Structures are given as structure tokens and as C-alpha cells.
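Data block below; observations after.
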Amino acid sequence: MMKEKRIIAVILLFLMYTIPGFPQSESNDPVIATYDQIMYYTSAWEGERLPDGRPYVADEWLARLKHIKVEDVWQLLNELGYRNQFEGNWKILHDDRPMTGRALTAQYMPRRPDIHQKKFTHGIESGHIGAMNSWPIDQLQKGDIYLADNFGKIAQGTLIGDKLGNSIFARSGNGVIFDGSLRDAETLAAIDGFNAFTRGWHPSFLEEVMLMGINVPIRIGGVTVFPGDVILAKQVGVVFIPPHLVEQVVITAEIVTLRDEFVHVRVRAGVYTPGQVDARWTDAIEKDFLNWIQESGRIDRMPVPIDEMQQYLQQRTW
């Protein structure tokens, strides 16, 4: 019996290291999280994954999310128990250009010579090219947002300038969110489609900083962010959505948007008072809303059939 168990163990070990794409818990890369590590932190996600292990939230949901208010997303996450998902007080390159995407995370720390040298040397041996702040860029895929914790450093905390900014946009079709700073704002602003949320701008170069991890959990202000979290970044701030909640959040927020539109129309027309529509609706108001949906032609904007609407509104208490 023991001999059979040993044979099975050897076969499983062989399969782990020979079948392409089998997630392996060991890696020679000094900074990139392993597939298994990412799986551990994102185990609530049951859908498709990117090759690096991050949850793949479809582009359709990212596009729909862009039209939703940050406040509605934050409120629903709060009702679901996720109460530390928003971070504000950003300096934005284009404050009229919303941004959505999947988080590719990077963690930077103040430079310590012995660790920096080990990380850098090992990284070059593992196939990374150039300075450490270019390594996360090489991992970007379409639809990603490069999200970095650079501990709020402004002077000598400029993680990218215009050259790396162009490379980021070429790879991701998106922009960056840095708890740190950037340089070359004027030329970065000229990249059509690129945006940046940062703590500040500075003309200096990056110094006394080392890269500790890519696709690892990081802290952005008061938020803990995991690789593959979905980001909604707008003028009011940035909200981070766990991947397994994106579909529920988007559909519920789209329904809420339609209900708010109905409220605005009816209040302006004097049909209801603010007090009537700012509380739980009566059956009469609910019926009026359903009639308005039909009569106004907005039935095509309902993200789910009407009989499923209440299912998505169960968590909504506001």
C-alpha cells in the first residue's frame, strides 16, 4: 500500500512540472507572484483567468462599469460588507476621462542596498530587462491598469515619464494609478486614451526605490487591493471591486441609475415629493416605475428582465 502511494505521489509530481499551464507554487522569479499565490487571494472568482492567474473579468463588464457612478458602486460594496474600497484625493491627468480595467499590482519600498541588489540581480537572471520600474510594464495585458504602491513618494518617486507611459498604453490600452508620482505630464497628456491618477507630479527621476513584488496584494491609501481587482476611476476618486462581485455590482447599479432617472422626472413634474421617493417605495410608486419603463422606451435599457430586478435590489438599503 505504501509503495502504491509513493508511485502515485511521483506521478502527480511529474505531472505538475511537465504539463503546460499547470499552476506551480514555486517560482524562480524574485518579484512576480506565482499562479497559486494569486489563486489563493482570488479564490472567490470561478470564471476564466489570465495566463498569470488573475481573474479575467470580460471587457463587456469593464465597458458597462465606465457609465456607472462611483457612489453607486461604493454603496453596494458597503452593503455587501466591503467597506474599505474607495480612495480619493488624486491628481488626475484628464479628469473628464473615466478609466476601468483589471489591476496589475506593483509594490515599491524605500531602497535598502542589500535587498535591492539581490532582487535586481536575481531579476535580471530570471529574464527581466532594464530598470526595476520597467518590469511591471512588461507584464501588462490589454485591459489592465498598472496600479502601484510607491508609499506616496513625490520627489524622486516618479515611477514613469513619457517613454514608459507610451509603452504602458501600447500594452494595456489604458493608464496608471500610482500612490506616488509621475513626470512629463505635458507629453503624457498628449497620448490619446491614456490617463493617470497620481499623488503628484515632479520633474525629478526615480531614486532610492526598489520593486518588491508584481501581482501581490498592495495598499493604496485606505484600500487593500489584490491582483485582478476591477477598477473604476473617475473625477471623484477610485473604487476597487472584487472580481466575483463585478457582475452583481454593474447590473444593480444600472437598475439604480434607471430608478434615479425616474425619480428625477417625477419629482420635477411634481408627481412625488422628495420624501416619498427618498424612502422605501410604496407599491404604487413601484407600479408607476414599471409603467414608466415601458412607456418611455427604456425597457431596452433594463440589464435583466423586470421579474429579476428585485433579486438584484435585495442588498440595496439606500
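The values are calculated or read from the model by the stated rules, or taken from the named source; none is laboratory data. If you're wondering where the values come from, they're calculated on a predicted model, not measured in any experiment. All Cβ positions, glycine included, derive from the backbone under ideal geometry; neighbour counts span all protein chains shown.
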Residues being more than 21 Å from residue 216 (Cβ to Cβ) and crowded, with 22+ Cβ neighbours inside 10 Å - total across the range 128-168: 2
Candidate set from the range 74-126 (those that are farther than 26 Å from residue 57 by Cα and of a type in the set (A, V, I, L, M, F, W, C)); member that is surrounded by the most Cβ atoms within 10 Å (Cβ to Cβ): 120
Total residues in the range 51-71, condition closer than 14 Å to residue 97 by Cα and in contact with a helix residue (DSSP H, G or I) (Cβ under 6 Å, 6 or more places away or on another chain): 2
Given (1) surrounded by fewer than 19 Cβ atoms within 10 Å (Cβ to Cβ); (2) touching a Gly at 6+ places or on another chain (Cβ under 9 Å); (3) not in a strand (DSSP E or B), number of the condition residue 200 does not satisfy: (3)
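Can you tell which of 153, 118, 142 is without any contact (Cβ under 8 Å) to a residue 60 or more places away in the chain and more than 15 Å from residue 201 (Cα to Cα)? Steps first, answer last, please.
Details: 153 fails: more than 15 Å from residue 201 (Cα to Cα); 118 fails: without any contact (Cβ under 8 Å) to a residue 60 or more places away in the chain.
None of the others qualify; the one that does is 142.
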Test set (1) modelled with pLDDT under 90; (2) within 26 Å of the chain's Cα centre (by Cα); (3) part of a loop (DSSP other than H, G, I, E, B) - residue 311 fails condition number: (3)
Test: residue in the range 227-236 that is among the acidic types (Asp, Glu) and surrounded by fewer than 22 Cβ atoms within 10 Å (Cβ to Cβ): no
Top-ranked residue in the range 51-101 [being closer than 12 Å to residue 239 by Cα and small (Gly, Ala, Ser); ranked as farthest from the chain's Cα centre (by Cα)]: 88
Those residues of the range 278-296 which are loosely packed, with under 12 Cβ neighbours inside 10 Å and either among the hydrophobic types (A, V, I, L, M, F, W, C) or under 22 Å from residue 250 (Cβ atoms) (or both), in sequence order: 279, 284
Top-ranked residue in the range 169-197 [being within 18 Å of the chain's Cα centre (by Cα), buried (at least 24 other Cβ atoms within 10 Å of the Cβ) and among the hydrophobic types (A, V, I, L, M, F, W, C); ranked as farthest from residue 233 (Cα to Cα)]: 178
Selection from the range 205-217 of residues that are assigned to a loop (DSSP other than H, G, I, E, B) and closer than 20 Å to residue 167 by Cβ: 205, 206, 215
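I need the full set of residues from the range 218-268 which are among the β-branched types (Val, Ile, Thr) and in a helix (DSSP H, G or I), in order please.
So the first thing to find is which residues in the range 218-268 are among the β-branched types (Val, Ile, Thr), and the list is 218, 220, 223-225, 230-231, 236, 238-239, 241, 246, 249-252, 255-257, 263, 265, 267.
Those that are among the β-branched types (Val, Ile, Thr) and in a helix (DSSP H, G or I): 246, 249, 250, 251, 252, 255, 256, 257, 263, 265, 267.
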